[in-house]
Amino acid sequence: MLCGFFYTRCFISSVISTFEGVMAETIVRKRTYLWVWVALICLTGLTGGISFINLGEWSTVIALAIAVLKALLVATFFMHLLYEKQKVVWIWSAVGIIWLSILIVLTMDDYVTRGFLRVPGK
C-alpha cells in the first residue's frame, strides 16, 4: 500500500506532467506592465486632481468613470484577461460586471427613494 510522502510526490509529479503540454502562457513584456502602471498612476492623480474642482453632480460620474477605466486596465493586463483564450473566463467576468451593476442599481434605488415615505416628526 502506497501512502505518505512518496505517494503524494508521485501523484503531484503525474499531475504536473499531465498539465505540462496543456498549459501555455503568453509572455508579456515588462514594458507593457510599466506602461499600464504609469497609466494607473496618472489616472489616480487625475482622480485626485478632479476632486479639487467643483463639477457639481458630474464629480461623482467622472470619478466613477476613471475608477472603471482603472479596473479594466487591471483586469485586462494584470489578471491576463486580454490574453485568455478560454470563453469561461470572459463569461465569469461578464457575470461579475452584471452582478456589480445589479448591486449599484439597487443601492441607488434605495438612496433615491428615501424621501418618498413621509415619516411623522421629520
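Every number here is computed from the coordinates shown, using simple stated rules; none is lab data. Nothing here was measured: the structure is a model prediction, and the numbers come from that model. All Cβ positions, even for glycine, are placed from backbone atoms using ideal geometry, and neighbour counts span all protein chains on display.
Please work out the FRET efficiency for the pair VAL28 and ASN54, using the Cβ-Cβ distance as r and a Förster radius of 41 Å; give the result to the nearest 0.05. According to the calculation, E is roughly 0.50. The calculated FRET efficiency for ILE98 paired with TRP35, based on their beta-carbon distance and R0 = 25 Å, is about 0.25. Legend: ranking of residues LEU69, LEU34, LEU117 from fewest to most surrounding C-beta atoms inside 10 Å; resulting order LEU117, LEU34, LEU69. For region 82-91, backbone phi angles converted through the Karplus equation (6.51, -1.76, 1.60; θ = phi - 60°) give residue-by-residue couplings of 5, 9, 7, 9, 7, 6, 4, 5, 5, 5 Hz, Gly and Pro being listed as x.
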